[in-house]
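These notes are about the structure you will find just below.
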Amino acid sequence: MRVEFGEGADLLTKAYPKLSRQLKKCAAYILEHPSEVATLSMRQLAARAGVPPSTMNRLARAIDFDTYDNFRALYRDSINEQAAGYSLESGQVHVVAHESEFDHALNAFQQAAITNIYTLFDHIDRTALERAVQSLTDARTVLVVGMLASESSANYLHHVAATGFRNWHLLARDSAELSHQLESLAPGDVVVCIAVEPCAAEAIRVARRARKAGARVIGITDRRTSPLAACSNDILLISVHSPNIFPSHIGATTLVEVLVGMVAARNERSVAENIERSERSLRDMGKYWSE
């Protein structure tokens with residue numbers, strides 16, 4: 001069972017934007033390592049956060065606690081409320097508690113997510129993956145396709161890739177632009193199509209049209225009997241298993257990151273330069289929040 005430190009975390013989260021730089025450094029460490037508040041001394045925690053011990057008391061006062069020990073009590077009380085028994089050794093929390101119905105449901109999602117990731121790495125066709133990475137590296141143009149349930153995965157793939165590669169494009173929604181993109185496909189181009197059962201009809205039509213034009217199709221789908229598999233040069237299978245009625249996107253998201261990461265590694269210098277230019281441009285246009 002995972003221990004939650006809700007009240008303390010909420011207080012720090014709300015106060016964080018108004019804290020000084022030094023207090024933000026301290027607060028950020030606590031937010032990222034909450035169990036250490038309950039398990040380490042103030043001096044030990046301050047050392048790990050890279051701040052003087054006095055900063056811990058200053059932080060506590062900044063969020064309306066008289067002392068750091070009073071703030072720390074929130075974290076220890078969280079453990080007491082959630083665990084039937086616990087030990088505090090080497091900065092680790094070991095909880096022995098009765099699993100509630102909510103915990104059982106949460107654990108089911110955790111297990112499904114872990115299983116989907118393991119399934120991806122244990123069963124993926126590594127030869128097909130290597131071919132896909134090479135074809136994406138060599139491609140004149142890469143077109144990313146995903147509709148209905150797979151639209152979010154396609155958007156994520158394009159968003160990540162487009163910052164590093166100038167030749168990756170997302171299939172347009174506008175019919176005129178879509179027709180232009182498809183008519184422009186030719187040998188040397190690659191289409192990455194994401195579709196899981198029940199597959200979006202338009203995605204399959206795009207994949208078939210791409211193959212007919214001589215483009216290479218990388219199909220990301222959940223089964224070899226999928227209509228996408230039949231029209232793909234390289235088939236990359238993912239698991240969409242979920243404990244509820246909604247399919248999981250964790251496998252697709254992980255595979256997207258693998259693909260982009262491996263292609264980027266083969267063009268590391270130029271990709272880094274593109275990302276730097278893109279980030280600079282976004283900051284100059286005020287796209288990122290700044291205080």
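Full extension of the chain segment joining Ala272 with Ser242 gains 7.2 nm, where the gain is 0.36 nm per residue of separation less the Cα-Cα distance. With a Förster radius of 35 Å applied to the C-beta separation of Ile114 and Glu7, the computed FRET efficiency comes to 0.75. Summary value for region 173-247: 27 percent relative contact order, contacts being C-alpha pairs under 8 angstrom separated by 6+ residues. Per-residue extension of 0.36 nm, minus the Cα-Cα distance of His123 and Lys25, leaves a gain of 31.1 nm for this segment. Under the simplified labelling scheme, the Ser100-Lys212 pair shows an inter-label distance of 5.7 nm, with each label point 7 Å from Cα along Cα→Cβ.
Just flag the GluC sites (Glu not before Pro) in region 95-147 sitting in loop per DSSP whose Cβ has no more than 16 other Cβ atoms within 10 Å. Let's see the in-between values first.
On the way: sites: Glu99, Glu101, Glu130; in loops: Glu99.
Hits after loop and neighbour filter: Glu99.
With the simple spin-label model, which puts each label point 7 Å out from Cα in the Cβ direction, the Thr254 to Asn167 separation comes to 3.0 nm.
Cross-link partners for Lys14 among the lysines, with Cα-Cα distance under 24 Å and sequence neighbours closer than 8 places in the same chain left out: Lys24, Lys25, Lys287.
Where a number appears in this text, it was derived from the coordinates with a stated rule and is not lab data. Just so it is clear, the structure is predicted and the values come from calculations on it, not from any experiment. Using ideal geometry, Cβ is built from the backbone for each residue, glycine included, and neighbour counts are taken over all protein chains shown.
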